[in-house]
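S.K.: Pasting a structure here, questions to come.
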């Protein structure tokens with residue numbers, strides 16, 4: 001197993017642990033697929049004809065990966081780590097890019113005006129700024145402040161919903177779940193898995209898509225999508241005996257691409273079949289991918305560099321790309337652009353999203369996190 005040292009936002013008495021470089025790279029692969037999924041979504045007429053059909057499952061993969069990494073990084077440190085120290089560590093790691101994502105969303109907002117969102121041009125600047133400030137805290141925006149019309153809890157930067165549930169998962173872990181013995185944690189994971197299957201196979205759309213709105217049904221989806229993968233990842237970090245897998249980054253990347261890009265299962269006549277695909281992918285395949293990645297090593301220097309680059313840009317890419325997707329989707333809507341007509345602009349948008357993520361990482365996220373670590377230490 002090849003591990004790469006990476007500094008963590010921890011109190012001075014806690015030293016960094018060896019880092020799973022392959023898992024970082026897989027997070028980047030999933031983030032790149034999310035961008036491609038959202039670009040293709042602009043041309044889809046329904047969930048049935050969406051290209052990269054299961055790209056939305058990347059969020060569930062992120063939750064599972066996060067639970068695994070949190071368990072590995074913190075489970076054995078609570079004798080020296082306080083709740084406040086844990087919360088500070090997570091805020092330093094996640095919050096700077098949340099703020100930047102909301103700022104980018106506000107700067108791009110008026111460029112998204114289109115027939116799809118006819119009300120954007122009439123939204124006053126003060127309201128956009130208020131939504132941005134609330135979004136910077138990651139608190140959900142009430143429906144009365146929905147400035148787009150999609151009832152998103154973060155209408156300037158849609159993916160903020162998953163970070164909201166990420167924080168909830170972290171707090172649940174720190175406040176009590178971390179104290180559960182493995183048997184009790186396994187029961188929790190089993191119940192959460194059953195709830196996930198039920199949600200997926202009974203969904204009106206035949207999938208697990210949702211979680212981004214401050215409504216009862218959407219909150220149920222969000223909590224269900226978070227609970228199983230996050231705590232299954234935690235259980236995996238405690239109980240899995242790691243192996244020795246050659247070329248794990250390549251094999252895991254291929255498996256992840258296949259799961260996320262697989263065509264719709266079952267069609268309109270059998271929506272439950274796609275829900276079953278979603279839930280079983282989350283329950284069985286994603287833990288396998290994480291186990292293989294944690295068990296593996298990177299055999300070549302170029303693969304190591306690629307994995308590191310993917311890992312470095314993964315979070316900035318995920319949290320800053322969606323304002324660009326809004327612009328692209330609005331353009332497609334306004335000009336009735338087909339996928340064949342729009343692919344050059346889609347490729348350009350993809351490249352701009354990756355470039356923005358890299359610039360954000362190097363000139364904002366890393367410097368701000370270094371500064372915060374010094375201040376909070």
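The values are calculated or read from the model by the stated rules, or taken from the named source; none is laboratory data. All values reported here derive from a predicted model rather than from experimental measurement. Neighbour counts run over all protein chains shown; Cβ positions are idealised from the backbone, glycine included.
S.K.: Residues of segment 83-141 being touching a helix residue (DSSP H, G or I) at 6+ places or on another chain (Cβ under 8 Å), under 26 Å from residue 334 (Cα atoms) and assigned to a loop (DSSP other than H, G, I, E, B), which ones?
M.R.: Across segment 83-141, the qualifying residues are 113, 115, 116, 123.
S.K.: Can you tell me which residues in segment 239-289 are free of Cβ contacts under 8 Å to residues at least 60 places away in the same chain, part of a loop (DSSP other than H, G, I, E, B) and within 26 Å of residue 40 (Cα to Cα)?
M.R.: Passing the criteria: only 265.
Residues checked against (1) closer than 17 Å to residue 251 by Cβ; (2) in contact with a helix residue (DSSP H, G or I) (Cβ under 8 Å, 6 or more places away or on another chain); (3) at pLDDT 95 or above; (4) in a helix (DSSP H, G or I):
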{"site": "291", "(1), (2), (3), (4)": "yes, yes, yes, yes"}
{"site": "304", "(1), (2), (3), (4)": "yes, yes, no, yes"}
{"site": "310", "(1), (2), (3), (4)": "yes, yes, yes, yes"}
{"site": "316", "(1), (2), (3), (4)": "no, yes, yes, yes"}
{"site": "351", "(1), (2), (3), (4)": "no, no, yes, yes"}
{"site": "359", "(1), (2), (3), (4)": "no, no, yes, yes"}
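Conditions tested, residue by residue: (1) under 19 Å from the mean Cα position of the chain (by Cα); (2) surrounded by fewer than 22 Cβ atoms within 10 Å (Cβ to Cβ); (3) more than 23 Å from residue 94 (Cβ to Cβ).
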| site | (1), (2), (3) |
| --- | --- |
| 268 | no, yes, yes |
| 274 | no, no, yes |
| 285 | yes, yes, yes |
| 295 | no, yes, yes |
| 303 | no, yes, yes |
| 315 | yes, no, no |
| 331 | no, yes, yes |
| 360 | yes, no, no |
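S.K.: On the given criteria, is residue 71 within 24 Å of residue 317 (Cβ to Cβ), in contact with a helix residue (DSSP H, G or I) (Cβ under 6 Å, 6 or more places away or on another chain) and modelled with pLDDT of 95 or more?
M.R.: Numbers: within 24 Å of residue 317 (Cβ to Cβ): no; in contact with a helix residue (DSSP H, G or I) (Cβ under 6 Å, 6 or more places away or on another chain): yes; modelled with pLDDT of 95 or more: yes.
So residue 71 fails the test.
S.K.: If we keep just the residues of segment 44-68 that are modelled with pLDDT under 95 and assigned to a helix (DSSP H, G or I), which is nearest to the chain's Cα centre (by Cα)?
M.R.: Ranking the qualifying residues of segment 44-68, first place goes to 47.
S.K.: Next question, about the same structure. Could you tell me which residue of segment 92-123 is nearest to the chain's Cα centre (by Cα), considering only residues that are without any contact (Cβ under 8 Å) to a residue 60 or more places away in the chain and surrounded by 14 or more Cβ atoms within 10 Å (Cβ to Cβ)?
M.R.: First pass over segment 92-123, keeping only residues without any contact (Cβ under 8 Å) to a residue 60 or more places away in the chain: 95, 99, 102-103, 106, 110, 118-123.
Okay, now just the ones that are also surrounded by 14 or more Cβ atoms within 10 Å (Cβ to Cβ), so 95, 99, 102-103, 106, 120, 123.
Numbers: 95: 14, 99: 16, 102: 16, 103: 19, 106: 21, 120: 26, 123: 29 Å.
Here the residue is 95.
S.K.: Check segment 124-139 and report whether any residue there is surrounded by 21 or more Cβ atoms within 10 Å (Cβ to Cβ), over 21 Å from residue 228 (Cβ atoms) and in contact (Cβ under 8 Å) with a residue 60 or more places away in the chain.
M.R.: no
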